[in-house]
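Here is the structure we will look at, set down as structure tokens.
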Amino acid sequence: FFFFLMIRRPPRSTHCISSAASDVYKRQLKKLNLGYNKADYRGTRTIFEALKANSTLVKVKLENCTMGNVKLIAEVIKINKVLRVLRISENEFGVDGVRLISQSLKNNKTLEELWLCSVRMQNEGARLLSDSLKVNKSLTELHIGVNEISLPGIRAISEALRANTSLKSLSMERNRIGVAGARAIGEMLKVNRALERLDLAWSGIGEVGMEIVRKVVRMNKRVKELRMVECKDAMILPCSVVIM
């Protein structure tokens, strides 16, 4: 039998985290949710040390845990051989943290879904992540929304995905894509044959950018879901939503 452990917004105590770590060590847990617990470095270290030795957990959620050392996460990605889903959004790793995670992803062969929204990735982090996407063959779903990524980062990700054959779902909502970024994405979609879902909502691509991407998607015929939401003037005009 497998168990599911979820600890949602508990009292901020080391006992709670230690108890969860003990469960990771002893039980045959399949899913672990410790998101929004504001765990400190000591608490998250306990959890990740347990994850290194765990052989049953396939899904871990640790959003907004104010982790003090991203090296712990990178080590788990590198060592753990069963983890399939890792959700670590809203932890401000910055570029240095994304660099460590990207390096580990290059050798990972099991992780399928990764959430890195709102981690202060920026363009340099996107470039580092794109290097991983060129060689990683296991990731099928990637979320990198709300990361201050603009044209240089979008171009790097798009270039990596021209040859990527495994990623099926990509969410880049609320970045600074713009019309030029939409063109880069459109050029990528002309040759990419893996993506089935793409989210570009609230990324400043405007009606021109939306039409560029929409036109390529019609020819691509593989993308099943395209999400684009933009407003000319949010105070006056209604937003336009396109889902394909």
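What the table below lists for this structure:
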read-out: Surface per residue (accessible, 1.4 Å probe) for the stretch 92-244, Å²; value: 46 Å²
read-out: Using θ = phi - 60° and Karplus 6.51 cos²θ - 1.76 cosθ + 1.60, couplings along the stretch 212-225 (whole Hz; Gly, Pro as x); value: 4, 5, 4, 5, 5, 4, 4, 7, 4, 6, 9, 5, 9, 9
read-out: Relative contact order computed over the stretch 75-230 (Cα-Cα under 8 Å; 6+ residues apart), in percent; value: 18 percent
read-out: Cα-Cα over 21 Å, subset of 52/109; 30/137; 30/168; 30/78; value: 30/137; 30/168
read-out: Entries of 31/81; 31/106; 106/215; 71/106; 106/221 with Cα pairs more than 21 Å apart; value: 31/106; 106/215; 106/221
read-out: Radius 10 Å from Cβ of residue 143, net charge of other residues (Lys, Arg +1; Asp, Glu -1); value: -3
read-out: Two-site FRET efficiency, residue 69 against residue 110, from Cβ-Cβ distance with R₀ of 22 Å, rounded to 0.05; value: 0.45
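The values are calculated or read from the model by the stated rules, or taken from the named source; none is laboratory data. Note that this is a predicted model, so its numbers are computed, not measured. Cβ: placed from backbone, ideal geometry, glycine included. Neighbour counts: every protein chain shown. Quick note on the areas: whole protein, heavy atoms, side chains included, nothing else; ligands and nucleic acids left out. Shrake-Rupley method; radii C 1.70, N 1.55, O 1.52, S 1.80 Å.
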